[in-house]
Amino acid sequence: MRAIVFRHHDPSPEVYTLVDDMPQPQPGPDEVLVRVAYAALNRLDDFVRIGWKGLELVFPHIPCSDFSGEIVAVGAGVTNWQPGQRVTANPLIWCGGCRACLDGRVNHCRRACLIGEHVRGACADFVVVPARNLVAVPDGYDMRLAAAASLVYVTAWHSLMVAGNLRAAERVLVVGAGGGVNTAS
């Protein structure tokens with residue numbers, strides 16, 4: 001499959017290369033295979049490309065946490081998603097069994113990883129995603145917009161709903177609504 005990859009950490013975006021020989025991933029149990037329609041680079045991709053002490057990647061690495069696409073295959077155990085559905089995804093992959101996950105604080109999971117950061121991302125023809133991470137994209141909604149939303153919306157959702165304990169009919173003041181997370185809020 002085609003993918004945009006980098007083969008080593010580097011501060012220059014010139015290290016991104018288009019390849020056409022990456023193996024196509026296959027969905028495992030409770031996973032889906034998505035044909036990527038759009039992928040969006042964001043600031044996280046810069047950090048991952050540059051690297052930091054302790055970040056261990058399998059090279060070549062495929063970036064991108066943010067994407068939209070269409071399901072083309074489902075793994076064993078997936079019953080609530082079907083090929084042909086339009087989706088985006090929460091890029092955070094969590095274990096589901098630790099105390100933080102069981103308490104609903106999946107962003108505190110010690111085994112959590114991000115699509116495009118710790119595992120290969122969506123800057124490719126296909127990406128495999130846990131079925132529980134999928135979010136349906138309604139018919140008629142622009143898939144380009146859906147691709148640009150997931151990482152900042154997850155952050156905004158956690159800030160408002162989990163940390164802020166926001167409930168229906170409550171109001172909030174969003175200060176500095178120029179950035180992605182504030183816009184999502």
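The values are calculated or read from the model by the stated rules, or taken from the named source; none is laboratory data. No experiment lies behind these values; they were computed from the predicted model shown. Glycine gets a Cβ as well: all are built from the backbone with ideal geometry, and neighbour counts include every protein chain shown.
Residue count for segment 49-76, restricted to those that are outside any loop (DSSP other than H, G, I, E, B) and of a type in the set (Gly, Ala, Ser): 3.
For segment 3-22, the count of residues that are in contact with a helix residue (DSSP H, G or I) (Cβ under 7 Å, 6 or more places away or on another chain) and in a strand (DSSP E or B) is at least one. For segment 89-146, a residue qualifies if it is assigned to a strand (DSSP E or B), out of contact with any Pro (no Cβ under 9 Å at 6 or more places or on another chain) and either outside the structural domain of Val36 (by TED's automatic domain parsing) or at pLDDT 95 or above (or both), and the qualifying residues are Pro130, Leu134, Ala136. Considering the conditions (1) under 22 Å from Ala148 (Cα atoms); (2) touching a His at 6+ places or on another chain (Cβ under 8 Å), Val15 is excluded by exactly one of them, (1). When segment 10-47 is limited to residues that are among the polar types (S, T, N, Q) and touching a residue at least 12 places away in the same chain (Cβ under 8 Å), the one that is nearest to Tyr141 (Cα to Cα) turns out to be Asn42. Answer yes if at least one residue in segment 74-88 is in contact (Cβ under 8 Å) with a residue 60 or more places away in the chain, among the hydrophobic types (A, V, I, L, M, F, W, C) and either in contact with a Cys (Cβ under 9 Å, 6 or more places away or on another chain) or surrounded by 15 or more Cβ atoms within 10 Å (Cβ to Cβ) (or both), and no otherwise. Looking for residues that are in contact (Cβ under 8 Å) with a residue 60 or more places away in the chain, among the hydrophobic types (A, V, I, L, M, F, W, C) and either in contact with a Cys (Cβ under 9 Å, 6 or more places away or on another chain) or surrounded by 15 or more Cβ atoms within 10 Å (Cβ to Cβ) (or both), one finds none in segment 74-88, hence no. Restricting segment 1-56 to residues that are surrounded by fewer than 15 Cβ atoms within 10 Å (Cβ to Cβ) and aromatic (Phe, Trp, Tyr) leaves a set whose member that is nearest to Ala122 (Cα to Cα) is Phe47. Only residues that are part of a helix (DSSP H, G or I) and within 21 Å of His108 (Cβ to Cβ) were counted in segment 147-177, giving 14.
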